[in-house]
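Comments concern the structure below.
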Amino acid sequence: MSVYIDREEGFKAPDGAAAARECPHCGAYAQLALVAAPRVERVAEQRPTHIGSAFQCAACHEPRFVKFTVRRYGEQRIDLAPNFVEVERPKERFDFQYLSEDAARLFREALQCYSADCHNAFASMCRRTAQSTFVELGEGSRLKWFELIKEIAALCELDDETTQTVEDILLGRDERLPQIGAGQAAVLLETMKDILYQTFVRTAKLTAAMRMRRYFADEHDAKITPLDPRNQRLTGSD
């Protein structure tokens with residue numbers, strides 16, 4: 001798949017190059033339509049490593065700015081890498097309503113760090129979120145988190161180094177956190193989402209559903225008149 005800027009044709013890309021993406025403005029998964037691209041003469045003169053282009057969300061019509069890496073400078077055209085980087089990324093979402101006030105505030109900031117590619121800041125905020133939870137639910141919850149991390153590692157077949165890094169970030173008591181990159185941050189993100197879901201969201205939803213089921217069951221039983229064998233008449237006998 002070739003993406004390029006031609007002196008005569010301008011910016012050219014096959015249909016799949018500007019594929020659908022989740023919009024950070026409206027949240028829709030929509031196509032991107034090109035609205036502005038740099039002129040080939042200026043790019044050829046300045047020869048930057050990356051170039052920027054402006055697209056538009058097909059759903060909400062908000063602008064979307066992306067960066068392409070330049071692969072090769074030619075006489076007639078400039079070849080670009082087909083995969084672009086979005087300048088404004090969609091925000092990570094989570095069901096915060098079931099979290100405690102402190103945990104919700106801290107994890108919301110953690111997700112903002114992740115969306116901004118601030119991986120180590122994200123790790124620090126995850127540590128603070130975990131500590132807030134341990135204070136609220138007691139030290140016994142630290143052991144529960146340890147068990148959940150082990151379960152996630154087994155289910156997802158995580159390597160020992162990544163698992164240990166996640167444990168050190170979330171459960172460690174040392175002020176110095178391990179340095180992480182994009183890959184380990186992605187693992188940490190999904191681990192945090194799953195553990196917080198298990199700790200707060202699943203518990204709250206299951207408790208609410210259980211109470212509702214028992215309420216209707218009790219109401220149903222209250223409307224049924226119990227049968228008293230002493231008041232039943234025998235039939236078929238004198």
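The values are calculated or read from the model by the stated rules, or taken from the named source; none is laboratory data. A quick note: this is a predicted structure, and the numbers were derived from the prediction, not measured. Here the Cβ is made from the backbone with ideal geometry for all residues, glycine too, and neighbour counts use every protein chain on show. The accessibility values were calculated without ligands, DNA or RNA, using every heavy atom of the protein model including side chains. Shrake-Rupley method; radii C 1.70, N 1.55, O 1.52, S 1.80 Å.
One table, with the values for the structure above:
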{"quantity": "Filter result for the condition that a residue is open to solvent by less than 90 Å² (accessible area, probe 1.4 Å), at pLDDT below 95 and within 22 Å of residue 138 (Cβ to Cβ), over 203, 191", "calculated": "203"}
{"quantity": "Residue tally, condition closer than 21 Å to residue 111 by Cα and either open to solvent by 40 Å² or more (accessible area, probe 1.4 Å) or part of a helix (DSSP H, G or I) (or both), over the stretch 137-174", "calculated": "13"}
{"quantity": "One residue from 215, 197 being among the hydroxyl-bearing types (Ser, Thr, Tyr), at pLDDT below 85 and open to solvent by 90 Å² or more (accessible area, probe 1.4 Å)", "calculated": "215"}
{"quantity": "When residues of the stretch 51-97 are limited to those that are among the aliphatic types (A, V, I, L, M) and touching a residue at least 40 places away in the same chain (Cβ under 8 Å), the one nearest to residue 6 (Cα to Cα)", "calculated": "78"}
{"quantity": "Which numbered condition residue 85 fails, given (1) in contact with a strand residue (DSSP E or B) (Cβ under 9 Å, 6 or more places away or on another chain); (2) open to solvent by less than 80 Å² (accessible area, probe 1.4 Å); (3) of a type outside the set (Ser, Thr, Tyr)", "calculated": "(2)"}
{"quantity": "Hey, residue 121 farther than 15 Å from residue 197 by Cα and open to solvent by 30 Å² or more (accessible area, probe 1.4 Å) or not", "calculated": "yes"}
{"quantity": "Residues that are under 15 Å from the mean Cα position of the chain (by Cα) and either over 20 Å from residue 24 (Cα atoms) or outside any helix (DSSP H, G or I) (or both), drawn from the stretch 105-117", "calculated": "116, 117"}
{"quantity": "Among the residues listed as 65, 11, 94, the single one being part of a loop (DSSP other than H, G, I, E, B) and of a type in the set (Phe, Trp, Tyr)", "calculated": "94"}
{"quantity": "Residue match in the stretch 16-24 (condition: in contact with a Phe, Trp or Tyr (Cβ under 8 Å, 6 or more places away or on another chain), among the charged types (D, E, K, R) and surrounded by 12 or more Cβ atoms within 10 Å (Cβ to Cβ))", "calculated": "yes"}
